[in-house]
């Protein structure tokens, strides 16, 4: 729809009333799109914290400015508004309602085994959806493995907080991993089925 409005605008004569009307239509479309996106993100944040009864959320600290350089993913990444989502999780909901939101270094979260901590000998492409560890034999969905690694990194960075103490009631890493398997869910927040139709 944005492309259609932009195309129609380009066909209008400069300075004409029709061009001004089309500019107004395009501005209204952008405003509606922004409002839809904010509404979707607001409902999503509320659902994650309140409906799902999560006290702590952990996410990767993604550098979206570099990610949008990928011409195949740039539009979907921009439409997802990750920066807005993280801002609302961190600043608005967490501070206002006393929930916790943490971001961790995303480096190699999908390349490291969540069980033994060893890095895969061969870099896994996005096409490979299952993580198979050559060292300990662990086999997990790629996203689930990454989710556990993200949880463990946040726990290591925030020792002393109540939620970390709960996670580390287990005395060794394998038991911690088992808790992660039970509690860490990789939510595909911005896939095609979850995103609003803009």
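The values are calculated or read from the model by the stated rules, or taken from the named source; none is laboratory data. All values derive from a computational prediction rather than experimental measurement. Here the Cβ positions follow ideal geometry from the backbone for every residue, glycine too, while neighbour counts run over all protein chains shown.
Structure data summary
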{"quantity": "Residue identified as under 16 Å from residue 150 (Cα atoms), modelled with pLDDT under 90 and out of contact with any strand residue (DSSP E or B) (no Cβ under 6 Å at 6 or more places or on another chain) among 65, 76, 114", "calculated": "114"}
{"quantity": "Region 113-130, residues that are under 21 Å from residue 62 (Cα atoms) and touching a helix residue (DSSP H, G or I) at 6+ places or on another chain (Cβ under 9 Å)", "calculated": "113, 114, 124, 126, 128, 129"}
